[in-house]
Each structure stands twice: as structure tokens, then as C-alpha cells.
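One structure below.
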Amino acid sequence: MKNILTAALILTAANAGAMQNLKYGALEINPLVSVQQSYDSNIYLTKDQRKSANINRTGLGVGLVTKVGSRLDLKGAYTMEFLSYSRVPSVNNATHHMASLGVEARLPKSIAVKLEDSYAQTTDQATSELTARALRVQNTAALDIEAPIRGKFGFGLSAQHTYHNYLAVANNTLDRQETLVGGDVTYKLQPKTKLFLAYRYGTLAYKEAADEAGDSTYNNVDLGLTGNIAPKLVGTVKAGMQYRKYANDLATADNKINTGGYSAQLVWKPLQLTEVIFYGKRANVESSYVNSRFYTATVADLALSRQVRKIKAGLGFNYETIAYPERTTAAGPKRLDTNTNVRVTAEYNIQKWLKADAGYTYKNRASNENAFEYFDNVFTLGVKALF
């Protein structure tokens with residue numbers, strides 16, 4: 001949610017091969033250009049000292065897609081985004097870099113192998129805990145293998161490594177590496193619907209010795225359903241548990257944590273030109289706030305869109321609760337935040353390759369610790385070209 005525009009640019013670049021406007025042999029080349037002008041009423045996300053600014057985001061990027069024979073697909077994308085602020089540009093201006101590489105191989109006996117790497121250098125917040133913009137680097141590499149076993153059964157193997165590096169000294173307490181390995185067992189209920197049981201073993205290792213209280217290992221167990229969940233409803237739903245154990249003792253917090261979690265990503269198309277998207281999740285997020293080594297985030301997001309001729313109108317609502325497990329002081333409360341987001345969007349198809357968009361977003365945070373409260377209004381106008 002922190003940088004929807006840039007994420008959308010990369011996804012579009014990586015998947016724009018369907019346009020097939022620029023080709024060099026088997027290589028599809030999809031350049032993109034975007035310009036967005038916005039007004040933000042509270043760029044520092046503070047309660048009492050709100051400062052507004054006009055912000056220009058200009059994005060330049062390219063997506064590459066090619067096939068090597070009938071069994072190997074290669075893709076890549078790169079986007080550079082320039083942020084220009086009308087307020088204190090020497091501090092607030094920034095350049096973002098987003099890149100991705102992917103390989104997909106289809107092996108004999110219906111075995112599929114995917115290898116992907118995504119890199120981001122950005123000033124957007126990585127978690128809801130942080131409100132100050134801070135330059136950071138995040139890189140995620142993932143390997144997935146899927147194969148049938150016999151009949152309706154199948155299995156999957158997965159490995160993922162994520163690297164977080166905050167280049168601002170004030171936030172480097174969150175510098176860390178996270179590794180996840182595990183597998184799935186699937187059962188085909190219908191031709192396009194699968195039931196799955198998933199297990200992941202994870203490790204968290206913090207960079208600084210002073211932050212090693214957050215070093216931990218954990219086990220995730222999930223049961224879920226993916227594919228065509230119901231008529232006109234496609235997506236994935238799952239529920240499970242995380243069993244976490246910290247490597248170092250912290251007298252003010254429990255060293256063994258069991259947390260129930262769930263997630264849902266659903267797309268419902270009740271009518272031909274109408275789409276409803278629901279996203280929900282409950283999971284632990286790393287934290288460096290006082291004695292809490294993590295917080296539990298529960299989020300629900302609902303988006304409705306309707307295509308009317310060349311205009312696609314959208315309405316969205318997001319609600320998130322953030323619960324910290326440890327008290328700020330011995331007699332103080334456990335911090336609890338609620339984040340509310342309401343958005344209205346409109347997209348106009350000028351040409352097949354050219355789109356204009358406008359939007360309004362209202363953001364509000366309430367907290368039982370008043371210093372973290374704020375509200376923000378953002379108005380945007382933009383143009384995006386995909387060649």
C-alpha cells in the first residue's frame with residue numbers, strides 16, 4: 001500500500017507483453033512513461049505540525065519478455081521514479097529504483113520451476129510503524145517448484161530470502177535478513193480449484209549486535225484453498241498458525257510466541273464490467289518499538305471498480321489494526337493503532353496505450369498513544385503511456 005503507483009508500473013512492465021507493440025525477434029520490449037501530480041496535506045504524517053506539498057512523480061521504465069524454445073520464459077523489468085517536492089526539496093526529493101528478473105521453466109512430467117528476484121531502493125515506508133520517509137533497500141529472491149504426485153495430488157517446494165537495509169541511521173534497528181523454506185501438498189478438488197496444506201520454516205537475523213534480541217526462528221503451518229473458490233470468484237484463502245522462538249532472552253517480553261493468522265485475496269466479477277477485490281490478512285510484522293519485537297497487523301481492504309465506456313471508476317476502503325504485545329512502561333497500556341484509508345479513483349482510456357487517472361485518498365491513524373495519531377488528504381492526477 002505504501003507505493004501503489006511504482007508497484008503498478010513494474011507489474012505493468014513485466015506483463016505488458018500482450019500489447020506486442022515492440023518486438024525484436026522473440027524479445028518483446030515494453031517501454032513505459034508516467035507522470036503524476038499530487039497534493040498531500042500532511043507529508044510528514046504528524047498530528048500537530050502538518051505540512052503540505054505538491055509532489056511530482058515521473059516514472060520511466062521498460063519491461064522485457066522472451067521465450068527460449070517452448071519450455072523456458074524469461075522476463076525482466078526496471079523502473080526509475082523521480083520524486084520532486086515543493087517543500088524543502090533538498091531533503092524530500094528522491095529517486096526510486098525498482099527492478100525484477102524472472103525465469104520460468106516447464107520440465108517433463110508437468111514439473112514447473114520459477115525463479116524470481118525483485119529489488120527496490122525507495123523512500124516509502126516498509127511498515128505501518130514508520131511514518132518518516134527513509135531511504136531503504138529491499139531485495140527478495142524466491143524459488144518455487146510445483147509438480148504432480150499421482151492422480152489429484154501434487155506437491156510444491158519453496159525457498160525465499162529477503163534482505164532489508166535502511167540507509168538512514170535512525171531506522172537501522174530494522175536492518176535484517178529473513179529466510180523461508182518449506183513445501184505444500186495440494187489436492188485438486190475441481191479442475192481449477194486446489195486444497196493445500198503448507199509448511200514454512202523461517203529464520204530472522206538482525207544486522208546490528210544491539211538488535212539481536214529480534215533474532216528468531218519460526219514455523220508457519222497453513223491450510224487453504226486456491227483457484228476458483230465459487231462461481232465468478234477467484235483467489236486464495238488460508239488460515240494457520242505461527243510458532244516463533246527468539247534466540248535471545250528479553251526479560252520484558254515472552255520468548256515463545258504462538259499467533260493465529262489468515263489471509264485472503266479474492267476477485268469477484270458479478271457483472272462483465274464490474275470487479276470487486278477483497279484482501280485480508282492477519283500476521284506479525286517486525287518492530288523496534290520499545291519492548292515489542294513485533295506487532296500483529298490485521299488488515300481488510302475492499303475495492304470496487306466499474307467500467308463505463310472509456311472510464312473505469314473505483315472506490316476503496318482499507319482498515320487496519322496494529323496491536324503491540326508489550327507495554328510501553330510497567331503501568332502503561334499496550335500500544336494499539338487503527339489505520340483507516342478511503343480512496344476514490346477514475347481512469348480514462350485515451351488510447352489503448354495511453355491512460356489518464358485521477359484520485360483522492362483519505363488516511364487516518366487513531367492510537368491509544370496520541371503522539372502517533374494523524375490524518376492526511378492526497379489528491380492526484382496522472383498520465384501513463386505503455387508503448
Practice problem: Could you figure out which of (1) at pLDDT 95 or above; (2) closer than 20 Å to Asn255 by Cβ; (3) over 20 Å from the mean Cα position of the chain (by Cα) isn't true of Ala198? | Solution: (2)
Exercise. Please go through the range 305-338 and pick out each residue that is of a type outside the set (A, V, I, L, M, F, W, C) and exposed (fewer than 14 other Cβ atoms within 10 Å of the Cβ).
Key: Arg309, Lys310, Thr329, Gly332, Pro333
Quiz item: Which residues, taken from the range 52-88, are farther than 18 Å from Thr380 by Cβ and among the basic types (Lys, Arg)?
Solution: Lys67, Arg71, Lys75
Quiz item: For the range 217-232, which residues satisfy the criterion of being over 20 Å from Lys281 (Cα atoms) and modelled with pLDDT of 95 or more?
Solution: Thr217
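How many of the residues making up the range 193-203 are of a type outside the set (Ser, Thr, Tyr) and either exposed (fewer than 15 other Cβ atoms within 10 Å of the Cβ) or touching a residue at least 40 places away in the same chain (Cβ under 8 Å) (or both)? Show your work before the answer.
Quick first cut of the range 193-203, residues of a type outside the set (Ser, Thr, Tyr) only: 194-198, 200, 202.
Next cut, either exposed (fewer than 15 other Cβ atoms within 10 Å of the Cβ) or touching a residue at least 40 places away in the same chain (Cβ under 8 Å) (or both) only: 194, 196, 198, 200.
Adding up the residues that qualify gives 4.
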Quiz item: Within the group Tyr218, Tyr243, which residue is touching a residue at least 24 places away in the same chain (Cβ under 8 Å) and surrounded by fewer than 16 Cβ atoms within 10 Å (Cβ to Cβ)?
Solution: Tyr243
Quiz item: So, in the range 277-292, of the ones that are of a type in the set (Phe, Trp, Tyr) and in a strand (DSSP E or B), which residue ends up farthest from Asp249 (Cα to Cα)?
Solution: Phe278
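Residues are listed down the side, and each one gets a yes or a no for (1) closer than 19 Å to Tyr289 by Cα; (2) of a type in the set (S, T, N, Q):
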| residue | (1), (2) |
| --- | --- |
| Arg136 | yes, no |
| Thr140 | no, yes |
| Phe153 | no, no |
| Tyr163 | no, no |
| Leu167 | yes, no |
| Leu174 | yes, no |
| Gln177 | yes, yes |
Quiz item: (1) at pLDDT below 95; (2) out of contact with any helix residue (DSSP H, G or I) (no Cβ under 7 Å at 6 or more places or on another chain): which one isn't true of Arg87, the others all being true?
Solution: (1)
Practice problem: Take the range 45-79 and flag every residue that is closer than 17 Å to Asp124 by Cβ and either of a type in the set (Asp, Glu) or surrounded by fewer than 17 Cβ atoms within 10 Å (Cβ to Cβ) (or both). | Solution: Asn56, Thr58
Self-check item: Search result, residues across the range 357-375 that are crowded, with 17+ Cβ neighbours inside 10 Å and more than 18 Å from Lys47 (Cβ to Cβ)
Solution: Asp357, Gly359, Thr361
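The values are calculated or read from the model by the stated rules, or taken from the named source; none is laboratory data. Just so it is clear, the structure is predicted and the values come from calculations on it, not from any experiment. Using ideal geometry, Cβ is built from the backbone for each residue, glycine included, and neighbour counts are taken over all protein chains shown.
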